[in-house]
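The values are calculated or read from the model by the stated rules, or taken from the named source; none is laboratory data. Computed from a predicted model, the values in this text were never measured in an experiment. Ideal geometry is used to build each Cβ from the backbone, glycine not excepted, and the neighbour counts take in all protein chains shown. For the accessible areas, the whole protein counts, side chains as well, though only heavy atoms, and no ligand, DNA or RNA atoms are used. Shrake-Rupley method; radii C 1.70, N 1.55, O 1.52, S 1.80 Å.
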Amino acid sequence: MERILIVSASEKSAKNLECLISKVASPSSCTLLTSAANARRVLFDEYYDYLVVNSPLLDDSAMELCLMAASNTETGVLLFVKEEFFDQTISEC
């Protein structure tokens, strides 16, 4: 069973992602967070199979969070970006 960390500025969006994931997988747990800072702390304290980030985040760059997770953990990373933020997000690479 997979452990999934979902990070979104909107709690409603996070819950929608959790519902979508639950329809295609059977995670043992989904943790919902609304800030990159909390996500960083949790990723270093606990193991997650997957990190799902819904961009943009209010407190930090979603891309920075994803790059940190991909570089420093064994967690798989999935980043959702709204079309209007795509160019800005890509420029952060």
- Which of (i) 18, 15, 13; (ii) 29, 17, 11; (iii) 20, 16, 12 is the computed semi-axes √(5λ) of the Cα gyration tensor in Å for the structure on display? (iii)
- Rounded to whole Hz and in sequence order, give me ³J(HN,Hα) for the range 4-10 from the Karplus expression 6.51 cos²θ - 1.76 cosθ + 1.60, θ = phi - 60°, writing x for Gly and Pro. 10, 10, 10, 10, 8, 5, 9
- Pulled fully out, how much extra length does the chain show between residue 80 and residue 58, if you take 0.36 nm times their separation in residues and subtract their Cα-Cα distance? 6.5 nm
- Query: Using a probe of 1.4 angstrom, how much of the accessible area of the chain is carbon and sulfur, in percent?
  - Reply: 52
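Compare 28, 13 by solvent-accessible area with a 1.4 Å probe and give them largest first, with all protein chains kept in place. Kindly include the intermediate steps, with their values, before the conclusion.
Details: 28 70, 13 40 Å².
In descending accessible area the options line up as 28, 13.
Please give the charge dipole size of the range 1-86, origin at the Cα centre, charges +1 on K and R Cβ atoms and -1 on D and E Cβ atoms. Round to the nearest 20 debye. Please list the in-between numbers first.
Numbers: 7 positive and 12 negative charges, 45 e Å.
In debye, rounded to 20, the range 1-86 gives about 220.
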- Using amide H atoms built 1.01 Å from N in the peptide plane, name the residues 5+ places from residue 76, or on other chains, whose amide H lies under 5 Å from its own. 50, 51
- Query: Taking a probe of 1.4 Å, how large is the accessible area per residue of the chain, in Å²?
  - Reply: 60
- the chain: relative contact order as a whole-number percent, Cα under 8 Å and 6+ apart: 30
- Note on the structure: The ³J(HN,Hα) series, computed from each phi in the range 25-34 with the Karplus coefficients 6.51, -1.76 and 1.60 at θ = phi - 60°, rounded to the nearest Hz and given as x for glycine or proline, is 9, 10, x, 6, 7, 10, 9, 10, 10, 10
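Provide the gained length on full extension for the span residue 38 to residue 88, in nm with one decimal, where the gain is 0.36 nm per separating residue minus the Cα-Cα distance. Can you show the working numbers first?
Working: separation 50, 0.36 × 50 = 18.00 nm, distance 2.30 nm.
15.7 nm is the gain from fully extending residue 38 to residue 88.
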